[in-house]
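Worksheet for the structure shown next.
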Amino acid sequence: MLIKPYLFRMLLLCSIILAGVSGCDTRFKVDALLSQYVADLNRSQYFSLIALATVMPESLPSFRFRQQPLTKFDIGLLDFLSLQQCDVGVIAGRKNSILGKVMTDSQRFLYELDIIRAIESCDLKESELSATLRSVAQQKRRELPKAFGNALFNGKESEAFFSLSNGFVPLNYSTAEQQELLDALGRLVVIGEQLSNLPKVESVIFEGDLKILMDSEYAGRLLYSLMQLTEYLKSVSGVIAHQGDEVCGAPIVFLKQQFERHYVQQIQPYMGRINQSAYQVLPLLTRLVSLSSPHTEPLDRFLGQLDFESDKSVWQEYQRASQQHAGYWSALFERCALPLTAAG
């Protein structure tokens with residue numbers, strides 16, 4: 001059956017658009033690189049790895065499983081009138097306004113800092129109200145890390161920052177691209193470290209830093225990348241570990257060619273960029289998590305995947321898989337009397 005000219009042109013146009021979109025979508029080029037590594041190793045009779053399924057990290061919990069409640073500060077009409085002589089009444093009124101009732105978690109954190117400062121600087125003659133205010137201020141001071149954590153991890157910014165739907169860290173990613181992210185994380189760490197001193201936080205800068213995290217999409221990309229790399233490295237290591245001496249000779253020469261072509265020349269440099277990047281970001285992120293604790297158990301479990309120091313983190317599991325992969329290859333080459341190729 002003949003295709004009408006206009007229909008043919010439409011089909012051609014759709015094909016061109018799809019090809020262009022696929023070409024611009026760099027999210028899964030790393031996956032193709034890893035898959036080809038395994039596919040070419042499988043050309044040897046001594047290798048047989050089935051296609052590896054995508055393994056997913058635990059995702060960011062929904063809002064209700066990461067939100068932490070904060071104590072409300074309610075004052076009666078008479079107390080409110082008494083507080084007009086200091087900033088407490090003004091700030092409390094701001095929170096009770098229409099806009100105040102729908103504060104974002106980031107704005108609520110800034111409000112908590114303001115209200116504590118106002119209470120502690122308010123000199124009242126009425127002793128009962130003064131004692132009540134001191135108690136409120138003490139409670140709010142104890143809750144400041146929670147308010148800080150809510151600001152960091154509850155908004156749309158954190159959902160984008162930790163999203164797993166954006167694929168791999170790009171193949172050509174450079175640490176030069178993340179200086180803005182590092183600066184933002186550094187400023188947030190300083191705020192967390194100064195909570196007991198009630199730091200003066202500029203709303204525009206604070207909100208801007210949260211947006212930088214959102215725009216980077218870094219943490220989710222890194223977590224996704226680490227999981228996929230770990231799965232491939234462990235799978236290849238598992239086959240290498242069970243090779244006998246019969247692989248020495250022509251078979252090992254072929255395997256070494258694939259190792260150098262795919263891993264040494266392409267995958268290892270990518271991993272080097274991943275490592276260099278993560279060594280800058282993860283200590284700051286781990287510090288932020290510590291400064292904003294305690295969190296809900298689901299959020300703690302999720303954040304623990306990127307813990308720079310914990311042996312149970314996805315980051316540390318990736319480090320072990322990388323070292324094991326290089327170690328098994330090196331041992332096999334040495335056993336077969338082949339020159340060793342440096343690998344990390």
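Here, each number is a calculation from the coordinates, and none is a lab measurement. Just so we're clear, the structure is a prediction, and the values are computed from it rather than from any experiment. Note that each Cβ is placed from the backbone with ideal geometry, even for glycine, and that neighbours are counted across all protein chains shown.
To the nearest 20 debye, what charge dipole does the range 111-182 have about its Cα centre, counting +1 at the Cβ of each Lys and Arg and -1 at the Cβ of each Asp and Glu?
240
Have a look at Y173, Q194, Q258 and report the one farthest towards the positive end of the charge dipole of the range 131-259, computed about the Cα centre with Cβ charges (Lys/Arg +1, Asp/Glu -1).
Farthest towards the positive pole: Q194.
Three principal axis extents, largest first, for the C-alpha atoms of the range 160-262, in Å?
If we take the Cα atoms of the range 160-262, the spans are 69, 27, 23 Å.
State whether the range 185-344 is rounded, prolate or oblate according to the following rule on the C-alpha gyration tensor (a ≥ b ≥ c being the square roots of its eigenvalues): a/c under 1.5 gives rounded; otherwise a/b larger than b/c gives prolate, and the remaining case gives oblate.
Judged from the Cα gyration tensor, the range 185-344 comes out prolate (a/c at least 1.5, a/b above b/c).
When the dipole is taken about the Cα centre of the range 196-344, and only Lys, Arg (+1) and Asp, Glu (-1) are charged at their Cβ, what size is it in debye, to the nearest 20?
260
Given K29/K312; K29/K256; K146/K200; K140/K312; K29/K234; K29/K156, which pairs have Cα atoms separated by over 25 Å?
Over 25 Å apart, Cα to Cα: K29/K312; K140/K312; K29/K156.
Which whole-Hz couplings ³J(HN,Hα) result when phi for each residue of the range 129-142 is put into the Karplus expression 6.51 cos²θ - 1.76 cosθ + 1.60, θ = phi - 60°, listed in order with x for Gly and Pro?
Once θ is set to phi - 60°, the couplings for the range 129-142 become 5, 4, 5, 4, 5, 4, 5, 4, 4, 4, 5, 5, 4, 5 Hz.
Can you tell me the relative contact order of the range 88-204? Whole percent, Cα pairs under 8 Å, sequence separation 6 or more.
31
Would you work out the relative contact order for the range 217-344, in percent, from Cα pairs under 8 angstrom that are 6 or more residues apart?
41
Would you give the gap between the C-alpha center of the range 152-181 and the C-alpha center of the range 188-234, rounded to a whole Å?
8
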